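Participant: Right, I'll just put the structure down here and ask away after.
The values are calculated or read from the model by the stated rules, or taken from the named source; none is laboratory data. Predicted model, so just to flag it, every value in this text is computed and none were measured. Cβ atoms come from the backbone with ideal geometry, glycine included; neighbour counts cover every protein chain shown. Keep in mind that these areas ignore ligands, DNA and RNA; they rest on the heavy atoms of the full protein, side chains included. Shrake-Rupley method; radii C 1.70, N 1.55, O 1.52, S 1.80 Å.
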Amino acid sequence: MRFTKGKLFVVSAPSGAGKTTLCSRLLGRFETIGYSISYTTRTPRHDETDTEDYYFVSEEEFKSMLENDELLEWACVHGNYYGTSKKRVEEILETGRDVLLDIDPKGARQLREKLDYGIYIFITAPSMEDLRKRLINRRTESEEIMNVRLTNAREEIMHYGEYDYVIVNREINKATNELESIYIAEHLRSDNIKSLEDIMEVD
Ligand code: 5GP
């Protein structure tokens with residue numbers, strides 16, 4: 001798969017860092033970027049909708065997608081399988097837009113090894129205590145699952161150096177500006193421009 005027009009934005013974060021809010025704000029502001037809805041074997045949360053938040057599938061369905069080479073990347077995260085559908089990504093690119101992937105560091109690593117393009121952004125909270133508080137306030141997970149996620153967060157944050165950008169979400173509006181700024185700046189790169197005529201009229 002080759003991304004000729006659109007750019008690939010890959011975002012990772014430990015649970016509770018505010019990534020979902022930040023990604024929705026980015027998607028809400030720019031129509032030029034589309035979200036690739038992942039496939040997962042995780043049970044839906046009370047506020048989640050199948051085909052909007054994820055495609056919720058059985059382990060058998062997930063494994064069959066894997067065998068049929070339908071996934072661009074995949075990983076087992078906090079005990080469940082998650083994967084990006086090649087078809088979903090292609091569908092977004094066909095509309096001429098950029099793609100936003102919200103995936104864990106293992107998935108991001110697979111993409112980095114596979115593709116020679118992509119913009120990688122890591123989001124974290126200012127402290128482990130902050131992550132813990134946000135997870136508790138979110139009330140989406142049982143205590144047991146929350147503890148698994150917090151333990152995994154310690155490992156995930158060690159990978160920040162593999163990303164092009166790091167956002168520390170101390171305050172949501174500031175972090176939103178930072179994410180939007182990265183998106184805008186990536187579109188201003190000189191290597192996006194094939195010839196001077198693309199950007200200005202020359203006599
Ligand atoms: P959650 O269960 O909180 O929605 O997501 C748990 C973790 O799975 C998050 O780190 C999220 O980024 C990651 N994740 C979601 N979709 C995918 C995917 O398609 N591939 C990979 N590798 N990770 C994913």
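Participant: Taking H placed 1.01 Å from N in the peptide plane, check which residues at least 5 places from Ala13 or on another chain put their amide H under 5 Å from its amide H.
Facilitator: Residues meeting the criterion, in which the H sits 1.01 Å from N, are Ile123.
Participant: Moving to a separate point now. For Asp98, enumerate residues with amide H under 5 Å from its amide H, sequence gap 5+ or separate chain, H modeled in the peptide plane.
Facilitator: Lys7, Ile33, Gly34
Participant: To the nearest 0.05, what FRET efficiency results for Met128 and Ile193 with a Förster distance of 41 Å applied to their C-beta separation?
Facilitator: 0.45
Participant: Quick one, can you get me the convex hull of the C-alpha atoms of the chain expressed as volume per residue in Å³?
Facilitator: It is 131 Å³ per residue.
Participant: Further, regarding this structure: Taking the Cα centre of the stretch 8-190 as origin and charging only Cβ (+1 Lys, Arg; -1 Asp, Glu), how large is the dipole, in debye to the nearest 20?
Facilitator: The calculated dipole for the stretch 8-190 is roughly 660 debye.
Participant: Which of rounded, prolate or oblate describes the stretch 143-198 when judged by the alpha-carbon gyration tensor and an a/c cut-off of 1.5?
Facilitator: Note, shape of the stretch 143-198 comes out prolate.
Participant: Now for a different question. Lysines near Lys114 by alpha-carbon distance under 19 Å, same-chain residues fewer than 8 away left out - which ones?
Facilitator: Lys5, Lys7, Lys86, Lys87, Lys106
Participant: Apply the Karplus curve 6.51 cos²θ - 1.76 cosθ + 1.60, θ = phi - 60°, to the phi angles in the stretch 111-120 and return the couplings in whole Hz, x for Gly and Pro.
Facilitator: Ordered by residue, 3J(HN,Hα) equals 5, 4, 6, 8, 10, 9, 8, x, 10, 10 Hz.
Participant: Quick check: net charge around Leu72, other residues with Cβ under 9 Å of its Cβ, Lys/Arg +1 and Asp/Glu -1?
Facilitator: +1
Participant: Scan the stretch 87-152 for chymotrypsin sites (Phe, Trp or Tyr not before Pro) in coil per DSSP, keeping those whose Cβ has at most 13 other Cβ atoms within 10 Å, and list them by number.
Facilitator: Those satisfying the criteria are Tyr117.
Participant: Starting from the Cα of Lys19, draw a straight line to each of the aspartates and glutamates and keep only those under 15 Å, dropping any in the same chain fewer than 8 residues away.
Facilitator: Of all the aspartates and glutamates, those that pass the test against Lys19 - Cα under 15 Å, at least 8 places apart if same chain - are Asp53, Asp102, Asp104, Asp130, Glu156, Glu171, Glu178, Glu180.
Participant: Rounded to the nearest whole Å², what accessible area per residue is found for the stretch 8-190 with the 1.4 Å probe?
Facilitator: Each residue of the stretch 8-190 exposes 52 Å² on average to a 1.4 Å probe.
Participant: Hey, what do the phi angles of the stretch 46-51 turn into as Karplus ³J(HN,Hα) couplings, whole Hz, using 6.51/-1.76/1.60 and θ = phi - 60°, x for Gly and Pro?
Facilitator: 4, 9, 9, 10, 5, 6
Participant: Just to confirm a number: summing +1 for Lys and Arg and -1 for Asp and Glu over residues other than Arg97 whose beta-carbon lies under 13 angstrom from that of Arg97, what do you get?
Facilitator: Once all neighbours under 13 Å are counted, the net charge is -2.
Participant: If R0 is 25 Å, what FRET efficiency do you get for Ser142 and Asn173 from their C-beta distance, rounded to 0.05?
Facilitator: 0.20
Participant: Counting only protein heavy atoms, what percent of the accessible surface of the stretch 8-190 is carbon or sulfur at a 1.4 Å probe?
Facilitator: In the stretch 8-190, the share of accessible area belonging to carbon and sulfur is 48 percent.
Participant: Please list, ordered by chain and number, the residues whose modelled amide H lies under 5 Å from the amide H of Ser85; skip anything fewer than 5 residues away on the same chain.
Facilitator: HN-HN under 5 Å from Ser85: Tyr39, Leu72.
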